[in-house]
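These notes are about the structure you will find just below.
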Amino acid sequence: MNLFANTLYKGIRLVPTCLLLLVWMLSPLDSMAFQDVQDGDSAFNQYKGEISDASSKKPLVFATLSVEGTNISTITNTEGNFLLKIPKEMTDGTVVVSFLGYKSKNIPLADLKPNKNKITLVVSVTELSEVNINAPKDAAALVRETLARKGDNYFDDPTLMTAFYRETIKKRRKNVSLSEAVVNIYKTPYSSLRKDAVELYRARKSTDYSKLDTVALKLQGGPFNTLYVDIMKYPEYIFAEGSIQDYQFTFSRSTRINDQLIYVIKFNQWESIKEPLYQGELFIDVENRTLTSAIYTLNITDKYKAARLFVRKKPAKVDVWPTEVAYRVDYREKGGKWYYGYSNVLLEFKVDWQDKLFNSVYSMTAEMAVTDWEKNLDGQLPKVRERLKKSIILSDEALGFSDPDFWGEYNIIEPEKSIESAIKKIQRQLRRARSKGGSAAP
């Protein structure tokens with residue numbers, strides 16, 4: 001049994017659309033429902049732009065932008081674009097732009113424009129002589145030591161994090177469902193066995209069921225899907241007790257981040273292991289024995305077993321197969337301690353109706369970025385009734401879409417062009433509904 005997938009996702013519900021219509025008939029415009037939020041005068045400045053490779057001009061995906069001396073940060077999207085919001089009273093700050101394998105760049109706030117900032121980063125070259133200095137000889141031993149030192153190298157105080165979470169469902173290349181939320185994460189120390197708590201602050205959604213044929217897919221777990229990709233906090237979901245011996249670890253190459261030498265370790269399950277486990281790369285700061293990033297996928301060795309891991313409910317005449325399951329987690333450093341900064345999950349499924357000639361391909365993406373944090377020294381947690389349940393379906397909980405200023409001062413992940421287009425379409429429909437005197441609120 002794949003503990004990570006089984007525990008993390010709690011399955012994906014696949015149910016006939018007609019059942020969902022019993023809910024949606026309460027509001028004909030539910031997929032365009034909105035909540036007006038008055039944020040008053042803007043208390044922040046925002047900066048937009050893109051980050052790319054200085055030589056190739058290719059966009060750098062998931063590059064980090066952080067405001068020096070603060071805990072404010074954001075990341076670039078899959079097109080290399082970013083949106084950064086900074087309080088107006090902060091006028092003399094510096095934005096640090098960093099990306100794995102590249103030299104970091106410091107940019108004074110005064111040099112940033114509200115729009116069209118084009119930032120380029122230069123590849124950081126690793127000298128061969130550096131690689132041989134104090135090089136560990138056993139990749140598996142390095143991984144074990146890194147996992148064992150999480151209490152030394154990662155946050156050891158309770159922390160309250162603000163994070164932006166987005167999940168999308170696409171039918172082939174078309175967005176059919178979009179849910180977004182700002183959440184509070186009550187992060188327990190990395191040395192603690194207590195799980196983190198999550199509180200929903202604000203959310204919005206859009207679902208176009210006309211593009212979903214005769215089924216509607218829902219992702220169960222919401223922000224927990226991404227939170228549990230934090231390997232250093234939840235190693236049991238990938239390297240369960242005793243299962244680390246089921247993997248072969250090998251040194252791949254070296255790179256740099258923030259002037260620190262990083263070893264890239266490849267891992268894959270031994271051929272003799274038949275259960276679906278994982279393969280991928282671990283990025284480890286060798287000097288400090290710290291995991292800085294991890295990118296990996298599920299080995300779908302048996303599609304029937306993989307389907308049982310992820311599909312919770314489906315119509316009798318439908319077969320659902322996962323064709324790709326991929327994960328990523330990135331950590332950030334502050335004051336010599338590392339913490340969870342960003343993660344994403346991609347799930348691709350093939351849906352076969354027994355009485356139809358053609359199948360449908362759906363992809364689900366969930367990502368979450370920590371945009372601010374502060375120490376939570378009293379260890380206060382939200383009341384149980386205010387915490388998100390691990391069985392949450394965010395698209396059922398979200399209130400709806402609103403105006404472009406819905407998120408106010410909160411840093412978010414800049415939408416990709418396809419998502420931005422979908423949002424603009426929703427807003428046009430909202431304006432038309434208002435002009436006709438209709439109401440889009442449930």
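The values are calculated or read from the model by the stated rules, or taken from the named source; none is laboratory data. What you see is a predicted model; the values in this text were computed from it and never measured. Cβ atoms come from the backbone with ideal geometry, glycine included; neighbour counts cover every protein chain shown. Ligands, DNA and RNA are excluded from the accessible area calculation, which covers all protein heavy atoms including side chains. Shrake-Rupley method; radii C 1.70, N 1.55, O 1.52, S 1.80 Å.
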Taking 0.36 nm per intervening residue step and subtracting the Cα-Cα distance, what contour gain separates R194 from D259 on full extension?
20.1 nm
Below 13 angstrom from the Cβ of Y102, what's the summed charge of the other residues (Lys, Arg +1; Asp, Glu -1)?
+2
I'd like the GluC sites (Glu not before Pro) in the range 270-299 restricted to DSSP loop residues with at most 15 other Cβ atoms within 10 Å, sorted by number.
E271, E287
Grab the beta carbon distance between E287 and A316, set R0 = 51 Å, and tell me the FRET efficiency rounded to 0.05.
0.35
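Set the Förster distance to 30 Å, then compute FRET efficiency between I295 and R432 from the Cβ-Cβ distance, nearest 0.05.
Details: r = 43 Å, r/R0 = 1.43.
The formula returns an efficiency of 0.10 here.
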Counting pairwise Cα distances across the range 283-364, what percent come out greater than 23 angstrom?
42 percent
How much of L277 can a 1.4 Å solvent probe reach, expressed as accessible area in Å² and rounded to 10?
30 Å²
Determine the share of the range 293-426's accessible area contributed by carbon and sulfur atoms, expressed in whole percent, with a 1.4 angstrom probe.
49 percent
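Rounded to the nearest 0.05, what FRET efficiency is calculated for D138 and D302 with R0 set to 30 Å and r the Cβ-Cβ distance?
Values: r = 31 Å, r/R0 = 1.03.
Efficiency for this residue pair is about 0.45.
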Ranked highest first by average number of other Cβ atoms within 10 Å, how do 325-338, 352-365 line up?
325-338, 352-365
Whole-percent tail of the Cα-Cα distance distribution for the range 340-403, cut at 20 Å, equals 61 percent
Give me the one-decimal nm value for the distance between modelled label points at D396 and S252, 7 Å along each residue's Cα-to-Cβ direction.
3.8 nm
With every protein chain kept in the model, how would you rank R172, R289 by accessible area, 1.4 Å probe, largest at the top?
R172, R289
